[in-house]
Amino acid sequence: MQQAVSDLPAGIDAQVSPEGRLELLSQEEVNRLRDASRTRMYDLLWRCSFAVLNSGSDIDDTKLLLERARNFDIQVLQRERGIKLQLTNAPAQAFVDGEMIRGIRDHLFAVLRDIVYVSTEIEGSDRFSLEEPRGVTNAVFHILRNAQVLRPQLYPDLVVCWGGHSIGREEYDYTKEIGYALGLRELNICTGCGPGAMKGPMKGATIAHAKQRISEGRYLGITEPGIIAAEAPNPIVNDLVIMPDIEKRLEAFARVGHGFIVFPGGVGTAEEILYLLGILLHPDNADMPFPLVLTGPPESAEYFHRIDRFIGRALGEEARQRYRIIIDDPEAVAGEMRDGMVAVREYRKAHQDAFYFNWRLHIEPDFQETFTPNHENMAGLALHRDQPAHQLAANLRRAFSGIVAGNVKEEGIRAIEEHGHFEIHGDPEIMSMLDELLASFADQGRMKLPGTEYVPCYRIVS
């Protein structure tokens, strides 16, 4: 049973300083963040900070989480040696003996760093043309570089692990086994930073890295403001980046990752799969090594069978050739990633491309343009076969993105409450396949956290 807002334990008031390199803000930036009228910049800081401090929450309803935050406040204080954050009524679970947990403090200042940088240097500047593909990619690069997560001296070794935050114990344990097998091969982990399939690989890799005496293992988490409250950063993440929106978050994964593993999940995971396949189906990317494995324990076989069937029927056999499905074999998955790293390294050396950022990967504007999941946009999606497969993948990705918003994001939940279900229109065959896939997710409990009743936010219209 969900805890009532009025029943929450008392929060903690505290002043928090960053460790190491102090964050430097101009007086104008501080004033914008302190604006009591809640400008967009301050509102992002407020909601993302509460999400970080509330790490470990047992609910994934962003609207409810933010209602819990109604008495929480955060202010930026300018001091002679740098800045401090003044927290009022912060969640007590972020503290031990009155001191904020260091990992949470690092995540808190990562939020501040990225929100200020995006607001002032990306959106508030004419340096980047966000209407052009090259400008979007440059913006993604600069956000990652400012966060100091691009490592130019390293050979390819970063495995992006995707999967659901709402998974069963068998699937979660399997993600840890995969992370352990990757860590023994001295590979590093990047995820969406939340719980479930995002936490498991990192947890497994930490043990393997310790065995290999790797003291600087990388556990990179990439998120965005719309999802961070529902999928707050897990405590293992030691590099956190907040991208401006889901499209730039997905591009960041595609550009920094060297290999990709997909665990069982729900609509968010399906969105990620369709994003990658849509990119890889473009002719310009046909010859690029891009290791992609879908994997899970025996209990997940049916999930991947349905995903594979949907992809084959909707996008064709060429799409199915871009990934492997490996069930219940962590060693085989890790071996596939290890061999894939060699192929990626040789390809990028041959084409004089950076190891740390995949500049050669061609991404069409359909995958970069920000999609607002409202009723009009959802109803207007072009879900028909009279278009190239990569464009159909882009539109299917948008459909899944809208369902994610309706399930867990504040603006999506409020839109559903006000106007009713999102309606998704398209060719009867595609609609039938989509309805079948989504129903299977609901039947398997993949739409919400365990113990939470799922009420669909969408209606399929042939």
TODO: Sticking with the crude label model, points 7 Å out along Cα→Cβ, report the distance from Ala92 to Glu216 in nm, one decimal please.
DONE: 4.0 nm
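Probe radius 1.4 Å, ligands and nucleic acids ignored: give me the carbon and sulfur share of the accessible area of region 368-439 as a rounded percent. Mind showing how you got there, number by number?
Details: 1340 of 2860 Å².
Carbon and sulfur together cover 47 percent of it.
Gain in length, Val461 to Ser432, computed as 0.36 nm per residue apart minus the alpha-carbon separation, to one decimal in nm? Please report the intermediate quantities before stating the final value.
Numbers: separation 29, 0.36 × 29 = 10.44 nm, distance 0.92 nm.
Stretched out fully, the Val461 to Ser432 stretch lengthens by 9.5 nm.
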Task: Structure-based [θ]222 nm, the chain - -39500 (n - 2.57) summed over DSSP H runs of at least 4, per residue, nearest 500 - done: -14000 deg cm²/dmol
Task: Heavy atoms of Phe128 accessible to a 1.4 Å probe, total area in Å² rounded to 10 - done: 20 Å²
Task: Amide proton proximity set for Leu294, modelled H, under 5 Å, gap of 5+ - done: Val262, Arg324, Ile325, Ile326
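Report Rg(Cα)/(2.2 N^0.38 Å) for region 282-372, keeping two decimals.
On the way: Rg = 15.5 Å, N = 91, 2.2 N^0.38 = 12.2 Å.
For region 282-372, the normalised Cα radius of gyration comes out at 1.27.
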Task: Extension gain, Trp359 back to Leu130 (0.36 nm per residue minus Cα-Cα distance, nm) - done: 80.8 nm
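Past 29 Å, Cα to Cα, is the threshold; run Lys248/Lys349; Lys211/Lys248; Lys211/Lys409 against it and keep the listed order.
Values: Lys248/Lys349 26 Å; Lys211/Lys248 35 Å; Lys211/Lys409 39 Å.
The answer is Lys211/Lys248; Lys211/Lys409.
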Task: Alpha-carbon centroid distance for the pair region 218-246 / region 283-345, whole angstrom - done: 24 Å
Open item on the list: Under the rule a/c < 1.5 gives rounded, and otherwise a/b versus b/c splits prolate from oblate, where does region 303-462 land using the Cα gyration tensor?
Closed with: prolate
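Can you give the % of DSSP beta bridges in the chain that are antiparallel, to the nearest 5? Mind dumping the intermediate values first?
Values: 13 of 39 bridges.
Taking every DSSP beta bridge within the chain, about 35 percent pair in antiparallel fashion.
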Open item on the list: What would the Debye equation give as log₁₀ I(q)/I(0) for region 373-446 at q = 0.23 Å⁻¹, counting only Cα atoms as equal point scatterers?
Closed with: -1.12
- [ ] Could you look at region 102-210 and say what percent of its accessible area is carbon and sulfur, using a 1.4 Å probe and all protein chains?
- [x] 45 percent
TODO: Could you point to the residue in His258, Tyr347, Phe371 farthest towards the positive end of region 254-391's charge dipole, with +1 and -1 charges on the Cβ of Lys/Arg and Asp/Glu respectively?
DONE: Tyr347
Open item on the list: What distance in nm lies between label points placed 7 Å from Cα along the C-beta direction at Gln15 and Asn71?
Closed with: 2.3 nm
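Averaged over every viewing direction, what's the projected area of the C-alpha convex hull for region 123-181? Give it in nm², one decimal, please.
Values: hull surface 27.4 nm².
With the hull built on Cα positions only, its mean projection is 6.8 nm².
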Open item on the list: What number comes out for accessible area per residue over the chain if the probe is 1.4 Å? Units Å², please.
Closed with: 42 Å²
Open item on the list: Using each residue's phi in region 422-436, evaluate 6.51 cos²θ - 1.76 cosθ + 1.60 at θ = phi - 60° and report the 3J(HN,Hα) Karplus result to the nearest Hz, with x for Gly and Pro.
Closed with: 5, 9, 10, 10, x, 4, x, 5, 5, 5, 5, 5, 5, 4, 5
Open item on the list: What are the equivalent ellipsoid semi-axes of region 100-247, built from the alpha-carbon gyration tensor (square roots of five times its eigenvalues), in whole angstrom, biggest first?
Closed with: 28, 17, 14
- [ ] Give the carbon-plus-sulfur fraction of the accessible surface of region 265-343 in %, rounded to a whole number; probe 1.4 Å, heavy atoms of protein chains only.
- [x] 46 percent
- [ ] Apply the Kirkwood formula to the chain: the hydrodynamic radius equals the inverse of the mean of 1/r over all pairs of different alpha-carbon atoms; give it in Å with one decimal.
- [x] 22.6 Å
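The values are calculated or read from the model by the stated rules, or taken from the named source; none is laboratory data. Predicted model, so just to flag it, every value in this text is computed and none were measured. Quick reminder, even Gly has a Cβ in these numbers, built from the backbone with ideal geometry, and neighbours come from all protein chains shown. Surface accessibility is based on the protein's heavy atoms, side chains included, excluding ligands, DNA and RNA. Shrake-Rupley method; radii C 1.70, N 1.55, O 1.52, S 1.80 Å.
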